[in-house]
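The structure appears below as structure tokens.
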Amino acid sequence: MEPSKDYLFKYKGFYFGVETTPEYISSLEDFEINDSDIFIATYPKSGTVWTQNILSLIIHEGHRNGTEKIETMERIPWLEYKPPTTDLTKLPLPRVFATHLPYYLVPRDLRNKRASIIYVTRNPKDVMVSYYHFSKYMKTVEEIADFNLFMERFLSGKVLGSSWIDHVSGWYSHAEDFNILFLTYEEMKKDLRSAVLKICKFLGRKLSEEELDSVVTQASFENMKKDPRANYENLPDDVVDKHKGSFLRKGTIGDWKNTMTVAQSERFDQVLMEKIKALPINFIWDINEI
Ligand code: PPS
């Protein structure tokens, strides 16, 4: 089954949602980069909002102490989706962007090792199940109610973000071209403090013990779920169906077992496991493994 043109279009082999255009994506090749820019790059549902929130907490004291009420989308806008209100050239430095772009479509200067990129991966069964639930909640994403059909779409890469394995292996195999830090959702879940310290070290930022504690506490799933900015609670009703869920759903490792049958898991393994094993990542598939 091909994806509906009401939701997706393909540009240079990659599926985008209709909130952007091929012309805009093409223009990003020349997007002007500042050396202090930071990009959070992910395949969808891999920990983007979590990392956005962590960076807001690290960089902006006003976000950390609650004196600023800036929406996540304004603070850390999407690179490839035209922002409704923010002029990307006028963001305060350091600018931070989120992106689901594959390595080969990012601004040229990133490939000259300018700016900093944080690439976050997550075990793909949890990614797929998170994506499946997200497609019900998010009105701009095509809903495929039958999980089997959704899985086939995901496995064939006919979803926004295209093929998970191509995205991850593309970024990892081109690591040398970029100034990049790789993180996994699971390591953040296992030891958030160490992950925050890694990010600080990569960005050359020093936080006091107290500030670090505050970042780690506020970036927990429970606290982010209570924060309307982190949970994207102010998205308009024509974008999300608030009766059908929330942005922060379960926030755990291994929830795929609650949706996938044994047969579905085997089918998934048959298609992807060999390629997954070739990646330089040790995925954690169950919360009890950490
Ligand atoms: S998106 O739409 O691509 O931007 O989604 P993304 O933010 O990448 O992924 C959403 C999933 O990340 C979970 N999440 C968290 N897990 C643990 N701790 C924290 N603090 C946290 N914040 C977000 C979120 O709940 C989604 O996963 P699921 O499995 O659906 O709960």
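The values are calculated or read from the model by the stated rules, or taken from the named source; none is laboratory data. Predicted, not measured: the structure shown is a model, and the values here were computed from it. In this analysis, Cβ positions are derived from the backbone assuming ideal geometry, glycine residues included, and neighbour counts consider all displayed protein chains.
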Identify, from the list Phe134, Phe154, the residue that is surrounded by 21 or more Cβ atoms within 10 Å (Cβ to Cβ) and within 16 Å of Thr259 (Cα to Cα). Phe154
Got a sec? Which helices (runs of 4 or more DSSP H) wholly within the stretch 122-198 have at least 2 residues that are hydroxyl-bearing (Ser, Thr, Tyr), out of contact with any Ser or Thr (no Cβ under 6 Å at 6 or more places or on another chain) and modelled with pLDDT under 95? 124-137
What is the one condition in (1) under 15 Å from the mean Cα position of the chain (by Cα); (2) within 12 Å of the ligand (Cβ to nearest atom); (3) of a type outside the set (Gly, Ala, Ser) that Ile118 does not satisfy? (2)
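Hey, any hits in the stretch 240-247 for a residue that's more than 23 Å from Val141 (Cα to Cα) and part of a loop (DSSP other than H, G, I, E, B)?
Within the stretch 240-247, the subset more than 23 Å from Val141 (Cα to Cα) is none.
No, every residue in the stretch 240-247 fails to be more than 23 Å from Val141 (Cα to Cα) and part of a loop (DSSP other than H, G, I, E, B).
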For a quick check of your reading of the model, give me the residue pairs whose first member lies in the stretch 15-34 and is without any contact (Cβ under 8 Å) to a residue 24 or more places away in the chain, whose second is surrounded by fewer than 17 Cβ atoms within 10 Å (Cβ to Cβ), with beta-carbon atoms closer than 6 Å and at least 6 apart or on different chains. Pro22/Tyr11
Quick check: is even one residue across the stretch 243-264 more than 16 Å from the ligand (Cβ to nearest atom), surrounded by 16 or more Cβ atoms within 10 Å (Cβ to Cβ) and more than 18 Å from the chain's Cα centre (by Cα)? yes
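If you go through the stretch 207-220 one residue at a time, how many are without any contact (Cβ under 8 Å) to a residue 60 or more places away in the chain and in a helix (DSSP H, G or I)?
Summing the residues that are without any contact (Cβ under 8 Å) to a residue 60 or more places away in the chain and in a helix (DSSP H, G or I) in the stretch 207-220 gives 6.
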Might you check whether a residue that is closer than 30 Å to Leu110 by Cα, surrounded by 15 or more Cβ atoms within 10 Å (Cβ to Cβ) and touching a Gly at 6+ places or on another chain (Cβ under 9 Å) occurs anywhere in the stretch 188-201? yes
Assigned to a helix (DSSP H, G or I) and out of contact with any Pro (no Cβ under 7 Å at 6 or more places or on another chain): is that true of Lys250 in this structure? no
Just one of Thr86, Thr51, Thr67 is surrounded by 14 or more Cβ atoms within 10 Å (Cβ to Cβ) and free of Cβ contacts under 8 Å to residues at least 24 places away in the same chain; which is it? Thr86
Boolean, Ser46 is within 22 Å of Ser169 (Cα to Cα), surrounded by 19 or more Cβ atoms within 10 Å (Cβ to Cβ) and among the small types (Gly, Ala, Ser): yes
Scan the stretch 265-288 residue by residue and report those that are in contact (Cβ under 8 Å) with a residue 12 or more places away in the chain, of a type outside the set (Val, Ile, Thr), surrounded by 12 or more Cβ atoms within 10 Å (Cβ to Cβ) and part of a helix (DSSP H, G or I). Ser265, Arg267, Phe268, Leu272, Lys275
